[in-house]
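The values are calculated or read from the model by the stated rules, or taken from the named source; none is laboratory data. Note that the structure is predicted; figures quoted are calculated from it, not measured. Reconstructed Cβ throughout: ideal geometry from the backbone, glycine too, with neighbour counts over all protein chains shown.
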């Protein structure tokens with residue numbers, strides 16, 4: 001399965017306790033043009049997470065987008081999601097690839113480490129994510145990442161690159177021009193008063209960045 005480019009919208013903790021709001025918010029992000037949705041819920045019980053993941057997967061399929069599940073390969077397999085995103089300590093990429101199959105989308109958090117990204121791709125990652133690049137409301141204590149790391153990863157790896165961390169339509173240009181083809185956002189999309197309009201602003205800004213490094 002091809003990893004799409006564009007806006008990668010990640011659901012926030014603020015939505016996991018209200019199923020109806022979660023569905024409404026994700027539907028708005030999809031109408032705004034998000035190409036990839038990550039369902040991130042570390043609080044709900046297994047039954048609720050399964051029900052929400054299945055419903056979100058149906059929304060994404062209807063919109064022509066993909067759903068990945070944060071940190072839960074078994075849930076991704078159970079609901080037929082496109083794949084899973086794994087943090088540095090969230091399980092084996094190789095095991096996830098073996099369980100989900102060769103066509104699944106598997107993402108890996110790499111911080112600011114090109115070597116971690118190399119290892120992730122070798123273990124079966126479909127895309128690698130670097131960040132944070134700006135102050136982040138979701139993870140304010142995350143260490144910063146550098147544009148030079150993005151550029152080096154773009155040159156060295158045969159895998160799509162995701163950037164995350166405080167990115168907005170106004171500041172994402174440098175990360176896109178350094179090689180990131182996926183721009184991830186949490187609060188920038190789901191914290192907006194008009195989620196659809198916020199997503200459209202990201203999509204427009206990403207699309208305007210045509211001068212990526214070769």
Filtering segment 132-144 down to residues that are surrounded by 17 or more Cβ atoms within 10 Å (Cβ to Cβ), without any contact (Cβ under 8 Å) to a residue 60 or more places away in the chain and touching a helix residue (DSSP H, G or I) at 6+ places or on another chain (Cβ under 9 Å) yields 133, 136
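I'd like to verify a number: residues in segment 99-119 that are within 18 Å of residue 72 (Cβ to Cβ) and either touching a strand residue (DSSP E or B) at 6+ places or on another chain (Cβ under 7 Å) or crowded, with 17+ Cβ neighbours inside 10 Å (or both), how many? Write out each step before concluding.
Of segment 99-119, the ones within 18 Å of residue 72 (Cβ to Cβ) are 99-101, 104-109.
So of that shortlist, the ones also either touching a strand residue (DSSP E or B) at 6+ places or on another chain (Cβ under 7 Å) or crowded, with 17+ Cβ neighbours inside 10 Å (or both) come out as 100, 104-109.
Counting residues in segment 99-119 that are within 18 Å of residue 72 (Cβ to Cβ) and either touching a strand residue (DSSP E or B) at 6+ places or on another chain (Cβ under 7 Å) or crowded, with 17+ Cβ neighbours inside 10 Å (or both) gives 7.
Conditions (1) at pLDDT 95 or above; (2) farther than 24 Å from residue 66 by Cβ; (3) outside any loop (DSSP other than H, G, I, E, B), marked per residue:
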| residue | (1), (2), (3) |
| --- | --- |
| 120 | yes, no, yes |
| 125 | yes, no, no |
| 132 | no, no, no |
| 141 | no, yes, no |
| 144 | no, yes, no |
| 149 | yes, yes, yes |
| 152 | yes, yes, yes |
| 167 | yes, no, no |
| 171 | yes, yes, no |
Exactly one of 189, 84 is buried (at least 24 other Cβ atoms within 10 Å of the Cβ), under 16 Å from the mean Cα position of the chain (by Cα) and more than 18 Å from residue 3 (Cβ to Cβ), and that residue is 189
Matching residues in segment 145-172 (surrounded by fewer than 19 Cβ atoms within 10 Å (Cβ to Cβ), closer than 22 Å to residue 9 by Cβ and out of contact with any helix residue (DSSP H, G or I) (no Cβ under 6 Å at 6 or more places or on another chain)) number 2
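For residue 66, are the conditions met, namely being within 14 Å of the chain's Cα centre (by Cα), buried (at least 16 other Cβ atoms within 10 Å of the Cβ) and at pLDDT 95 or above? Lay out the reasoning, then the answer.
Working: within 14 Å of the chain's Cα centre (by Cα): yes; buried (at least 16 other Cβ atoms within 10 Å of the Cβ): yes; at pLDDT 95 or above: yes.
Against the criterion (within 14 Å of the chain's Cα centre (by Cα), buried (at least 16 other Cβ atoms within 10 Å of the Cβ) and at pLDDT 95 or above), residue 66 qualifies.
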Given (1) assigned to a helix (DSSP H, G or I); (2) free of Cβ contacts under 8 Å to residues at least 60 places away in the same chain, residue 197 misses just (2)
In the set 64, 6, the lone residue that is out of contact with any helix residue (DSSP H, G or I) (no Cβ under 7 Å at 6 or more places or on another chain) and at positive phi is 64
Per the filter on segment 173-184, residues in contact with a helix residue (DSSP H, G or I) (Cβ under 6 Å, 6 or more places away or on another chain) and in contact (Cβ under 8 Å) with a residue 60 or more places away in the chain are 183
Requiring at least 1 residues that are touching a residue at least 24 places away in the same chain (Cβ under 8 Å) and within 28 Å of residue 175 (Cα to Cα), the helices (runs of 4 or more DSSP H) wholly within segment 1-107 are 19-31, 46-63, 93-100
